[in-house]
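Asks: One structure, as structure tokens, below. Some questions next.
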Amino acid sequence: MNVFDAIAQRRSIKKFQDRPVTREEIEALLEAGVLAPNHHLTQPWRFYVLGPESRRAYGRALGDRKARKLPDAEAANAVREKVAAEYEAFPALIAIAMVVSENPETREEDYAAVMQAMSNMMLVAVERGLGTHVRTGAVMEDPAARAAIGARDGERVVGMLSIGVPFEAPVAKARQGATEVTTWVD
Ligand SMILES: Cc1cc2nc3c(=O)[nH]c(=O)nc-3n(C[C@H](O)[C@H](O)[C@H](O)COP(=O)(O)O)c2cc1C
């Protein structure tokens, strides 16, 4: 598969088949991740490959946050369990983190580099018949979520990448053409 085809075929995949993702597949994604460009070769990425227990704990942390918004205790418990079970069931889940530099310019560049690492991973996943979905949000700073991941002090979790064989192929979402957003400057 050529790179453009992988880019064009990638979708955010929310539903996966039951087939597990192998360690070899995960390692192939990670190897693609660490090849991303990064200024001054800071190599700011840190990856946490979560097993079923830590996936469940992360889902529980997220479920607790959703449950807090519900007045009804029974509904809150149901949400907690639903989200925990959903995360545990992901064939694979990688927390993508970065080392946080004290220098604001480096910090911004490093964040961009880590996102490019994530993009590499998503494209290699497509090439291997896998789907991915990145999720972000304030939950990633929640102490319970960080504990579930095992994130170290001085690291910021920047995305949670779920991975698996797609259950279905979602249609592409409509996008602006490149010409609509491009200015050719003389
Ligand atoms: C930085 C980033 C953060 C995202 N965070 C979330 C998220 O928290 N929850 C979610 O459902 N999707 C999230 N997404 C996925 C986008 O919603 C998705 O890429 C977009 O709808 C386009 O769909 P596609 O990926 O299938 O092309 C995120 C994507 C990016 C790049």
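Where a number appears in this text, it was derived from the coordinates with a stated rule and is not lab data. Here the structure is a predicted model, which means the values were calculated and not measured. Cβ placement follows ideal geometry from the backbone for every residue including glycine, while neighbour counts extend to all protein chains displayed.
Asks: At 7 Å along Cα-to-Cβ for each site, give me the label-to-label distance between residue 72 and residue 1 in nm.
Replies: 4.2
Asks: Please arrange 64, 18, 5, 110 by how many other C-beta atoms lie within 10 Å of their C-beta, fewest to most. Write down the numbers at each step before the final one.
Replies: Values: 64 18, 18 9, 5 12, 110 24.
Fewest-to-most Cβ neighbours within 10 Å comes out as 18, 5, 64, 110.
Asks: In addition: Quick one: work out the % antiparallel among DSSP beta bridges in the chain, nearest 5. Walk me through the numbers before you get to the answer.
Replies: Numbers: 20 of 21 bridges.
Percentage antiparallel, nearest 5: 95.
Asks: Using only alpha carbon positions, build the gyration tensor of the chain, then give the equivalent ellipsoid semi-axes as the square roots of 5 times its eigenvalues, largest first, whole angstrom. Working shown, then result.
Replies: Working: eigenvalues 159, 96, 63 Å².
Value: 28, 22, 18 Å, ordered largest first.
Asks: Take the chain, connect every pair of alpha-carbon atoms lying under 10 Å apart with a spring to form a Gaussian network, then pick out the residue of 161, 93, 41 with the largest mean-square fluctuation.
Replies: 41
Asks: Grab the Cα-Cα distance for residue 24 and residue 53, subtract it from 0.36 nm times how many residues apart they are, and report the gain in nm with one decimal. Present the calculation step by step, with values, prior to reporting the outcome.
Replies: Working: separation 29, 0.36 × 29 = 10.44 nm, distance 2.04 nm.
Gain on stretching residue 24 to residue 53: 8.4 nm.
Asks: Quick one: if you stick a label point 7 Å off each Cα along the C-beta vector at residue 35 and residue 105, how many nm between them?
Replies: Output for this residue pair reads 3.0 nm.
Asks: List the lysines whose alpha-carbon lies under 18 Å from that of residue 69, not counting same-chain residues fewer than 8 positions away?
Replies: 82
Asks: Work out the charge dipole of the stretch 38-186 with +1 on the Cβ of Lys and Arg and -1 on the Cβ of Asp and Glu about the Cα centre, then indicate which of 67, 106, 45 is farthest towards its positive end.
Replies: The one lying farthest along the dipole's positive direction is 67.
Asks: Another one. Suppose every Lys and Arg Cβ carries +1 and every Asp and Glu Cβ carries -1, with no other charges. What dipole size does the chain come out with about its Cα centre, to the nearest 20 debye?
Replies: I would put it at about 680 debye.
Asks: Could I ask something else about it? Report ³J(HN,Hα) in whole Hz for each residue of the stretch 101-112, in order, from the Karplus equation J = 6.51 cos²θ - 1.76 cosθ + 1.60 where θ = phi - 60°; Gly and Pro get x.
Replies: Rounded to whole hertz, the list is 6, 6, 8, x, 5, 4, 4, 5, 4, 5, 4, 4.
Asks: In whole percent, what relative contact order does the chain give with Cα contacts below 8 Å and a gap of six or more residues?
Replies: Values: 301 pairs, mean separation 64.6, N = 186.
Relative contact order comes out at 35 percent.
Asks: Kindly provide the trypsin sites (Lys or Arg not before Pro) of the stretch 8-110 that DSSP labels as loop, not H, G, I, E or B, and whose Cβ sees at most 15 other Cβ atoms within 10 Å.
Replies: Values: sites: 10, 11, 14, 15, 23, 46, 55, 56, 60, 65, 66, 68, 69, 80, 82, 107; in loops: 10, 11, 14, 15, 68, 69.
Here the sparse-neighbourhood loop sites are 14, 15, 68, 69.
Asks: Run the helix sum for the chain: -39,500 (n - 2.57) per DSSP H stretch of 4+ residues, divided by residue count, reported at 222 nm to the nearest 500 deg cm²/dmol. Write down the numbers at each step before the final one.
Replies: Values: 6 runs with 82 residues, N = 186.
One gets -14000 deg cm²/dmol as the mean residue ellipticity at 222 nm.
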